[in-house]
Structures are given as C-alpha cells and as structure tokens.
Amino acid sequence: MELKRSQKIYPYLFNNEWKESDSGETVQIKSPDDGQVVGEVPAMSQEEVDRAVQSTSVVQENWEASEGHERSELLHRWADELEKMADEIGQMIHLEVGKTPSSAKGEVKRTAQLIRHTAEEGLRTHGSFIQGDAFPGASKSTKAMVQKVPHGVVLAISPFNYPVNLAASKIAPALITGNTVVFKPATQGAISGLLMVEALVKAGLPKGVLNVVTGRGSIIGDYVVTHPKVDMITFTGGTSTGQHIAKKASMIPVVLELGGKDPAIVLEDADLDKAAKEIVGGALSYSGQRCTAIKRVMVMDKVADELVAKIKANVAELTVGTSDQNANITPMIDQKSADFVVSLIEDAKKKGATVVSEGIQEENLLGATVLDHVTEDMDVAWKEQFGPVLPIMRVENELEAIGLEKRNEYGLQASIFTKRIENAFAIADKLNVGTVQVNGKTSRGPDHFPFLGVKNSGQGVQGIGRSIDSMLRDKVLVLNL
Ligand code: NAP
Ligand code: G3H
C-alpha cells in the first residue's frame, strides 16, 4: 500500500498500513522559507500511540528470531529504495526544514550509505566466551557464554535538522540487531521521515517491525517515553528535552545526543586562512542549525585582529536568501528560534561586543552576525545559539581558552587550529568533550566514527559501530560442567 500524497495529509504507518488519526486531527507543517503549508501529519491520540507500541512489541520476538543476514538484506534494499526516492525525499526535506535542494538530497544519499554500512557492520556483532578459572575459587569447568541480545522495542526520537539521517542512524542499528522500532519524528521534518519509512516498507519491512507515531512531542512525548513496552530510547535533540526524557524514562537504557557550544581554539601559529575558512563553514552552514556547529571562537590576542579580518572576508562572500534560491544563509526553522538569536545579539551589543559583520533581520531570515570582543558576562558566550551568529572571544593564552571551555555546560566537540601537533595534543588532553578536531571544523562523521557528547551534550555513544553496540545487551549463559 502506498503512502497517500493527496490533500497534503501524510498518514502514519501502523502495521504496514498508512492511517489517518481517528480524530482526524492533524498538525500543519509550514515551510521556513515562506510560511506556506507543506503538508499535515496526524496528531495521534494516546490510544493510537499505545496501539502502535503494543503491536511493535508483539512482533519483536519473531523479528529477533529472524536470521541476521535477512535483516541485513532488508537494510540493503532500504538503502536502494531510498536512493530511488532521493529526489522526492530531498525535495521534502528542502520544503519542510529549509535546506537547499542539493544539501537535502545529499542528506538522503548520506543516509543510504549509512544504512549500507550498518547492514554490513551489524553482521559482525558477536558475544564472548569466558573461562571461570581466572577468579579465585572458580575453575575451568565453569564457563560463561556471553550472548548479545536486543533490548526489545526501541523508541527512536529524531530532531528537525536531519529529519532523515538522524532518524535512520537510530532505526538501522535497532533493526539489524533484532529490535523493533517505534519511530517518533520531529514534527517539523515528519513528512520527510514518513517518506523515508515508505522506502523501508517498499524494501519489505515485515508488518509491525516499525511503527510511526506522529504528533507534537509536548503532547504525546511523555506518554510514549514512559510506555511500559518501550525497552530502550535513542534520542537526538535539545538538551532540555533530553534531560526531561532521561528523568521520565527511569530504568531503561537511554542514549542522548544533545546540544553543544563547540569552540574553535586558534593558536598563534595557526594557518589563519585555513582557520577562518573552517570556522565560517563550521559555524554557518545550514545557518548554524547543527549541534556540531562552531558556536564560539577563542583566539589568542596576538593573532586576533588578523583572524577577525579573515573571518569577516569569508562571511562577506556568503549569500543570504531562501533555500529555494540556494543561498548560503537561509531562514531559520521558525520565528521563535530567530527571536532567540536576535536576543543574544542584542544582549551582547548592549554589553559591549563589537559588531564585525551585521546580518539582516527579516522575520525568521537572519544574515550572519559576527561579534568580536565577546566577554563572559554575555549570554552568547555560553548559550547555544543554534543560528547564524558567531561570537569571538579573545584570550591571552591556551590556559584561558581551556578554562573557558571547561566552565561551559556542554561537551560535544572542539576544534584546535595550530601547526604544532604537540600543542593540539596537549590541549585536547585537557578538554572535556566527546571529540577534538585538529585543524578542521567540528562535525559528525565519517558516520562510522564514534560520535558523542559529554556533560550536557549527551549520554552514550553513536556512530555506526557504537550505535549497534547500544542496541544490544549482554545475556549470560553459565555452564557448570
Ligand atoms: P527538540 O525540540 O528537543 O526536539 C527533538 C525531538 O524531541 C522532536 O522529535 C520533538 O518532537 C521531540 N520531543 C519534544 N518534547 C518531547 C517529549 N516531552 N518527549 C519526547 N519527545 C519530545 O530539538 P530540535 O529543535 O528538533 O533540535 C534542536 C536541538 O537539537 C539543538 O539543541 C541541537 O543542538 C540538538 N541537536 C543535537 C544533535 C546531536 O547529535 N548532538 C543533533 C541534532 C540536533 P516535536 O518536534 O514534535 O516537538
Ligand atoms: O546537528 C547535529 C548533527 O549530528 C550534526 O551533523 O556535523 O554532519 O552536520 P553534521
């Protein structure tokens, strides 16, 4: 059965049937570019959510009992179908979340690659065998077979900014390991998520192995997160939402990829041309709406003027407009997010920051604003902007930069720019973050690298191999011979 495309209402998937909610209630999704309605998704009731989770739970044992190579083949077919639908899904990502068409289609292709790699890597999971005699009082006649088994039902919750990639990066490792999935897409991005699921259905998804729940997280979120049949949660999104989910979820495993305030630390000996280019690309692609965007620069005083001039020159080359126009800086996801960025800029200006580049402010379209001489009393020094403003903090030495980073609540990634690798290593050792990039912008990927945040940036690890690990638990069989 095909997902209906008429009247712009996109139904949810329940046991391989596309359904509208019994109440007929929907949530409208509007384009960030022009506010036009892109489509609507069902606002599911608690009863409908319950049915979705229950039936996913019922089929889990059968799915776990299926052969690993069959699950892997399903994922390969899913990747094939996604590629066939790349234009359509890319177009929907573009409309729903305001990515340029090429970047939106690129997300679909990256996702197909991620699924294929997961399909391969998942075949290599294995348990272990332990002899008892290593522990006093036990002997070789006591042996443990440590198997890797799935948790059961995995709840996958994705954010708006990668509505396909950050959904599939949870769903594929869950499925390959024998878990069934309840997928809750971000509302803004939900149609793209549903189209991605349509590709999975075309690939031969068995009934109920993945069900979708749509509707506002603020309304159905707590219900699904605390549902007794949910055995594990994997979430990407804002820190406050993630913390809320972790508290509600209580005794089940929860993997969280949350916000960040990634610094670019620029030392005196850095290649400043390269640093400026990487910083501007890292901070402002997709208008800064990436968890891994560079969200503040910490530059040594001696080279600050030169670096700021180069950053300014790079920013001047960026075009500002709609994603339809293929602009570099495009409208933010909604007005509330744009208002927040403007409030950070105003606060910094009031407290004495220098405006290096001033971005336009037209509703939710904000040009890039670069602020220099940002100090610790300014909100933009600490709060995650998730938008096109780049604060620059001048520091006297490396220790000051390390101190600034350590006092921040986040710990996703950091970049260090220097020609002396030993300096980079020394600083990297002291930073409390998931990943340190040397002479490159902060970013996730390649997608098989571990990806994690510490402190308020997350819990657990993603990246293909680690995501697969997170979907499995030990089950020990002890032989007493
Ligand atoms: P968000 O507002 O936290 O939403 C993320 C997801 O959570 C959405 O699906 C949302 O549904 C759902 N949700 C909301 N309330 C919920 C609840 N009570 N229970 C269960 N689910 C709930 O985040 P966002 O605006 O989509 O994304 C922006 C944030 O995500 C930024 O802070 C960014 O740094 C972070 N992010 C982090 C990473 C990473 O890998 N570290 C990646 C991408 C984004 P609705 O859409 O229906 O509200
Ligand atoms: O927004 C968070 C994503 O995990 C960032 O991914 O670095 O590939 O843009 P990216």
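Rule-based calculations on the coordinates, nothing more; no lab input. These numbers come from a predicted model, not from an experiment. Note that we place each Cβ from the backbone using ideal geometry, even for glycine, and neighbour counts take in every protein chain shown.
Structure summary
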| quantity | calculated |
| --- | --- |
| Residue among Val37, Val41, Val27, Val97 that is in contact with a Ser or Thr (Cβ under 9 Å, 6 or more places away or on another chain) and either loosely packed, with under 15 Cβ neighbours inside 10 Å or not hydrophobic (A, V, I, L, M, F, W, C) (or both) | Val37 |
| Residues within segment 449-481 that are of a type in the set (A, V, I, L, M, F, W, C) and surrounded by 13 or more Cβ atoms within 10 Å (Cβ to Cβ), tallied | 9 |
| Residues of segment 146-177 satisfying the condition of being crowded, with 24+ Cβ neighbours inside 10 Å and on the phi > 0 side of the Ramachandran plot | none |
| Residue within segment 80-90 that is out of contact with any Lys or Arg (no Cβ under 9 Å at 6 or more places or on another chain), within 18 Å of Val197 (Cβ to Cβ) and surrounded by 17 or more Cβ atoms within 10 Å (Cβ to Cβ) present | no |
| Filtered residues of segment 412-427 (kept if away from ligand 1 (no atom under 11 Å from the Cβ) and within 23 Å of the chain's Cα centre (by Cα)) | Ala414, Ser415, Ile416 |
| Criterion: free of Cβ contacts under 8 Å to residues at least 12 places away in the same chain, within 20 Å of Val299 (Cβ to Cβ) and out of contact with any Cys (no Cβ under 7 Å at 6 or more places or on another chain) - qualifying residue of Gly352, Gly403 | Gly403 |
| Residue within segment 55-72 that is closer than 30 Å to Met332 by Cα, among the hydroxyl-bearing types (Ser, Thr, Tyr) and not in a helix (DSSP H, G or I) present | no |
| Which listed residue, of Ser357, Ser337, is surrounded by 17 or more Cβ atoms within 10 Å (Cβ to Cβ), within 16 Å of ligand 2 (Cβ to nearest atom) and of a type in the set (S, T, N, Q) | Ser337 |
| Positions within segment 169-223 being among the acidic types (Asp, Glu) and within 8 Å of ligand 1 (Cβ to nearest atom), in sequence order | Asp222 |
| Hits in segment 97-133 - residues which are touching a residue at least 60 places away in the same chain (Cβ under 8 Å) and either part of a strand (DSSP E or B) or on the phi > 0 side of the Ramachandran plot (or both) | Gly98 |
| Residue ID - farthest from ligand 2 (Cβ to nearest atom), chosen from residues in segment 423-481 that are farther than 20 Å from Gly260 by Cβ and in a loop (DSSP other than H, G, I, E, B) | Leu481 |
| Qualifying residues in segment 225-275 (those that are under 24 Å from Asp469 (Cα atoms) and of a type in the set (D, E, K, R)) - the one surrounded by the fewest Cβ atoms within 10 Å (Cβ to Cβ) | Lys247 |
